[in-house]
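Each reported figure results from applying straightforward, stated rules to the coordinates on display, with no laboratory input. Keep in mind it's a predicted model, so treat the numbers as computed, not measured. Don't worry about glycine lacking a Cβ; one is built from the backbone with ideal geometry, like all the others, and counts go over all protein chains shown.
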């Protein structure tokens, strides 16, 4: 063993406790039409600093699983921990930020006011709030837009403001529920690049829901392929494309091979029907 090997092992994400760990997790919704099996026997480990995308057809449980992590839904069986805690404890400890499909900005608040909102709710001092807002707006390239209102910004800029709001209290985990799904391809490409740069700067652990195979492969270190309801994990794919990912990496054989495996996993999932 060389002198550098212990340090490398210590820095490895797998050497640290998992950030998110689900074991035999299932969730059944009770409805007037009978039970709906949203998730079934989900086993998944997410380590610190990973970018994990969830992909599958509509209704496969991608968003439901994200909501279980965030304590917005509760599993009916199995277990899940977030930073070694229950999701409820992690929520109370402010362990994560959550970005929804729609930006969800209040139109009567300025961009700075929207980003500041969770800090106000949490009772941060005014001086600290101002500095945090300044830093996260700079991080998402919205410095100079503090006094603008949401209706004065493009859809892509509004989503960046929503991401800044989720980052304002500096949680270690960022949960993103298809945040770019409603945007055109050019804006989406730009925000994908910006998100990778933000992830490189902050080293957050990111859980990301998408319907786009190219987006999942471009962004992720790990891709979780899910089946139609009841939501099961069909495949977990390591996406070892390095941290430096220009958009034209999508034309390389390595990228296309991973995309092909994702597509095959989605087809295999549909065979359960």
If one builds a Gaussian network model of the chain from Cα atoms under 10 Å apart, the most fluctuating residue listed among 122, 157, 226 is 122
Between 0 and 90 degrees, rounded to the nearest ten: what's the tilt of helix 155-167 against the longest Cα principal axis of the chain? 90 degrees
Once you have the Kirkwood Rh of the stretch 138-202 from its Cα pairs, apply Stokes-Einstein at 20 °C and 1.002 mPa s and quote D in µm²/s. 172 µm²/s
Using a Gaussian network model of the chain whose springs link C-alpha atoms within less than 10 Å, name the residue from 152, 30, 101 with the highest mean-square fluctuation. 30
Name the residue, out of 228, 214, 125, whose mean-square fluctuation peaks in a Gaussian network model built on the chain with Cα pairs under 10 Å. 125
Order the peptides 69-75, 51-57 from the highest to the lowest mean number of other Cβ atoms within 10 Å of their residues. 51-57, 69-75
Tilt relative to the chain, helix 253-270 - C-alpha long axis, 0 to 90 degrees, to 10: 60 degrees
Percent of alpha-carbon pairs separated by more than 22 Å within the chain: 59 percent
Isotropically averaged projected area of the stretch 18-133, using the convex hull of Cα atoms (one quarter of hull area), nm²: 9.5 nm²
Relative to the chain, whose Cα atoms define the longest principal axis, helix 185-202 and its Cα axis are tilted in degrees, nearest 10, by 80 degrees
